[in-house]
1. Give me the residue from the range 76-98 that is loosely packed, with under 15 Cβ neighbours inside 10 Å and modelled with pLDDT of 90 or more and, out of that set, farthest from the chain's Cα centre (by Cα).
2. Return the total of residues in the range 1-46 being part of a loop (DSSP other than H, G, I, E, B) and of a type in the set (A, V, I, L, M).
3. Please go through the range 142-187 and give me each residue that is open to solvent by less than 30 Å² (accessible area, probe 1.4 Å) and out of contact with any helix residue (DSSP H, G or I) (no Cβ under 8 Å at 6 or more places or on another chain), ordered by number.
4. May I ask you to verify whether T101 is at pLDDT below 95 and surrounded by fewer than 17 Cβ atoms within 10 Å (Cβ to Cβ)?
5. Of everything in the range 188-227, what is of a type in the set (S, T, N, Q) and surrounded by 15 or more Cβ atoms within 10 Å (Cβ to Cβ)? Give them in sequence order.
6. Just checking, which of P57, P137, P124 is more than 30 Å from G173 (Cα to Cα) and open to solvent by 60 Å² or more (accessible area, probe 1.4 Å)?
7. In this structure, is F73 open to solvent by 80 Å² or more (accessible area, probe 1.4 Å) and closer than 22 Å to I23 by Cβ?
8. If you scan the range 159-214, which residues turn out to be of a type outside the set (V, I, T) and outside any helix (DSSP H, G or I)?
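The values are calculated or read from the model by the stated rules, or taken from the named source; none is laboratory data. Quantities reported herein were computed from a predicted structural model and do not represent experimental measurements. Because the Cβ atoms are built from the backbone with ideal geometry, glycine has one as well, and the counts that use them run over all protein chains shown. Note: accessible area is taken over every heavy atom of the protein model, side chains too, but ligands, DNA and RNA are not part of it. Shrake-Rupley method; radii C 1.70, N 1.55, O 1.52, S 1.80 Å.
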Amino acid sequence: MGAIQRDQAHFLLLKIHSLTGLIPIGIFLVFHLAINSLRTVGVFPYQISIDVINNLPFLIWIEIFVLYVPILFHSVMGFYLTSVAKYNFLRYRYPRNWMYTLQRLTGGIVFVFLIYHMGTTVAPKLWYGHNEFQAAPFLIGVMNDEFQTWTGRIIYLIGIVSATFHFGNGLWGFCISWGIIVGPKAQRNAGIAFLLIGLGLTVLGLATVVEFSLNPVPVEPTKVGDL
């Protein structure tokens, strides 16, 4: 009975790990990249989007329980899977063996990138009290400075590409795990579709990096009367 219960718990944790990669983490990734891409349209719509988010009631609690806790769980389970996985991509050079290895590798890269990203944006924003309408000028200023150096650009390029690949490839794994796509043809077509989704998100992210790099425009806090 003990072994059966352990197997059931392990199976449940794997399912939750797979699910959290889509809901809420994957949804947040798409939302975050889409919001940031507003910077390519202009500074004002991007600033307004930051204002809206940072004026949400109970924002910190929403972030903790809807985002940070799922990310922490997904990361811990990801590192566990990395530690117990048997990598045979050099012996059996099938595409899916390489994809699985890259999935584990990019997961680790994204985790490190998130620590860096939050350490330079969210943490100082909270520490110095840049809340509500003060958040946008601070965060935009951080990004302006970040993308004026090649070090910052390379860090974000690696982080964005790793995150979009991890999400796109993870969608395929999610659909397989949950029995949504069955059969070689369906799995192959789904793999192509998810690859295109990952590429589309990558373009959004890279376009934002380019815009910040070429046009580092500082902003002032939005005044309620201006809205």
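1. Among them, the one singled out is Y80.
2. The qualifying residues number 3.
3. Correct list: G183 only.
4. Against the criterion (at pLDDT below 95 and surrounded by fewer than 17 Cβ atoms within 10 Å (Cβ to Cβ)), T101 qualifies.
5. T202, T208, S213, T222
6. The unique qualifying residue is P57.
7. Against the criterion (open to solvent by 80 Å² or more (accessible area, probe 1.4 Å) and closer than 22 Å to I23 by Cβ), F73 does not qualify.
8. Matches in the range 159-214: W178, G179, G183.
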